[in-house]
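**Student:** Below is a structure I'd like to ask you about.
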C-alpha cells in the first residue's frame, strides 16, 4: 500500500511566523503535490514537483515556496504566515500505473490555523 | 473560472437507494477523470477513474459515466450505505493524470 505521511495533523501558528509542512512518501513516486482545501473551493494546487530539485507553480503559489531535496520528501514553506493561509493542507504523490496513467495518493492532511 | 464544477454542494439519500453525484467540466482537452472520497480529518482516497476513450467504468457498487459531448460525468452508487457518507471530489486531467483540477466537492449523506 502507498503511504503518504505529513508531519503534523494540526498546527497553530502566529501571523508572521515561518511555517514548514513536511510530506514523505514511501513508494518511490516521481511526482509530488501540495494542495490546500477550503470549503466550497475544493482542492487547489499550490506547487508540484516532477523530480528532485524540480518544482512548478500551481494555481495559487503566492505566499508559498517548496523544497524537494530528496525524492521521498516534499516540503511546503510559508515564509510569513498570514490569517488567510488558515486551511487544510494536503500532500499527494503519484506515479504511472498500468496503461500509462497516473493516480494521486494523498496524505491525511495538516489543519493549519494562523492566529 | 472553475474548470471542474460540482453544482450540488450536498446530497441526501436513503440507505439502499441510488446516489448520483454530478460533475461538469469546461476544458475539452481533459482526457482522464477521477472520483475521490474524503472523510473528515482524512486525506482523499481514490475511488474510481475513467478515461476519455470510455463512456462507462464500473467497480462494485460504483459506476462512473462520461458524456464527452455534454462535458459531464456522474458517479452512481448502488446501493448506498451509511459508510458512503463523505465528501466526493471530481478531478480531471488533460495529460493522463500528471496533474489534476479538482471540483469543489459534494457532501453525500446516506440516511439509515
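The values are calculated or read from the model by the stated rules, or taken from the named source; none is laboratory data. Just so we're clear, the structure is a prediction, and the values are computed from it rather than from any experiment. When we count neighbours, we look across all protein chains shown, and the Cβ atoms used for this are built from the backbone with ideal geometry, even at glycine.
**Student:** For segment A:8-115, which fully contained strands (runs of 3 or more DSSP E) count at least 2 residues that are surrounded by 15 or more Cβ atoms within 10 Å (Cβ to Cβ) and at pLDDT below 95?
**Tutor:** Once the strands (runs of 3 or more DSSP E) in segment A:8-115 are filtered for at least 2 residues that are surrounded by 15 or more Cβ atoms within 10 Å (Cβ to Cβ) and at pLDDT below 95, what remains is A:31-38, A:42-49, A:87-96, A:102-106.
**Student:** Output the residues belonging to segment A:63-101 that are within 9 Å of chain B (Cβ to nearest Cβ) and more than 21 Å from residue B:42 (Cβ to Cβ).
**Tutor:** Scanning segment A:63-101 gives A:96, A:97, A:99, A:100, A:101.
**Student:** Based on what the data block shows, is residue B:11 farther than 26 Å from residue A:9 by Cβ, surrounded by fewer than 18 Cβ atoms within 10 Å (Cβ to Cβ), more than 10 Å from chain A (Cβ to nearest Cβ) and at pLDDT 95 or above? Break it down stepwise before answering.
**Tutor:** On the way: farther than 26 Å from residue A:9 by Cβ: yes; surrounded by fewer than 18 Cβ atoms within 10 Å (Cβ to Cβ): yes; more than 10 Å from chain A (Cβ to nearest Cβ): yes; at pLDDT 95 or above: yes.
In short, yes.
**Student:** Please indicate, with yes or no, whether at least one residue in segment B:54-65 is under 19 Å from residue A:90 (Cβ atoms) and under 14 Å from the mean Cα position of the chain (by Cα).
**Tutor:** Within segment B:54-65, not a single residue is under 19 Å from residue A:90 (Cβ atoms) and under 14 Å from the mean Cα position of the chain (by Cα).
**Student:** Out of all the residues in segment B:82-112, which are surrounded by 14 or more Cβ atoms within 10 Å (Cβ to Cβ), in contact (Cβ under 8 Å) with a residue 60 or more places away in the chain and assigned to a loop (DSSP other than H, G, I, E, B)?
**Tutor:** Once the filter is applied, which keeps residues that are surrounded by 14 or more Cβ atoms within 10 Å (Cβ to Cβ), in contact (Cβ under 8 Å) with a residue 60 or more places away in the chain and assigned to a loop (DSSP other than H, G, I, E, B), segment B:82-112 yields B:94, B:96, B:97, B:100, B:103, B:104, B:105.
**Student:** Follow-up. Would you pick out the residues in segment A:25-44 that are in contact (Cβ under 8 Å) with a residue 12 or more places away in the chain and more than 10 Å from the chain's Cα centre (by Cα)?
**Tutor:** Hits for segment A:25-44 are A:25, A:26, A:27, A:28, A:29, A:30, A:31, A:37, A:38, A:43, A:44.
**Student:** Does segment B:46-57 include one or more residues that are in contact (Cβ under 8 Å) with a residue 60 or more places away in the chain and in a strand (DSSP E or B)?
**Tutor:** no
**Student:** Check off (1) within 30 Å of residue A:8 (Cα to Cα); (2) in contact with a strand residue (DSSP E or B) (Cβ under 6 Å, 6 or more places away or on another chain) for residue B:41 and give me the number that stays unchecked.
**Tutor:** (2)
**Student:** Looking at the structure I just gave you, is residue A:60 closer than 24 Å to residue B:33 by Cα, in contact with a strand residue (DSSP E or B) (Cβ under 8 Å, 6 or more places away or on another chain) and more than 11 Å from chain B (Cβ to nearest Cβ)? Before you say what the answer is, go through the steps one by one.
**Tutor:** Details: closer than 24 Å to residue B:33 by Cα: yes; in contact with a strand residue (DSSP E or B) (Cβ under 8 Å, 6 or more places away or on another chain): yes; more than 11 Å from chain B (Cβ to nearest Cβ): yes.
Yes: the conditions hold for residue A:60.
**Student:** Of the residues B:66, B:34, B:47, B:108, only one is under 18 Å from residue A:42 (Cβ atoms) and away from every other protein chain (no Cβ under 14 Å); which?
**Tutor:** B:108
**Student:** Let me ask something else. In segment B:17-31, what residues are part of a loop (DSSP other than H, G, I, E, B) and more than 10 Å from chain A (Cβ to nearest Cβ)?
**Tutor:** If the condition is that a residue be part of a loop (DSSP other than H, G, I, E, B) and more than 10 Å from chain A (Cβ to nearest Cβ), then B:17, B:18, B:26, B:27, B:28, B:29, B:30 are the ones that fit.
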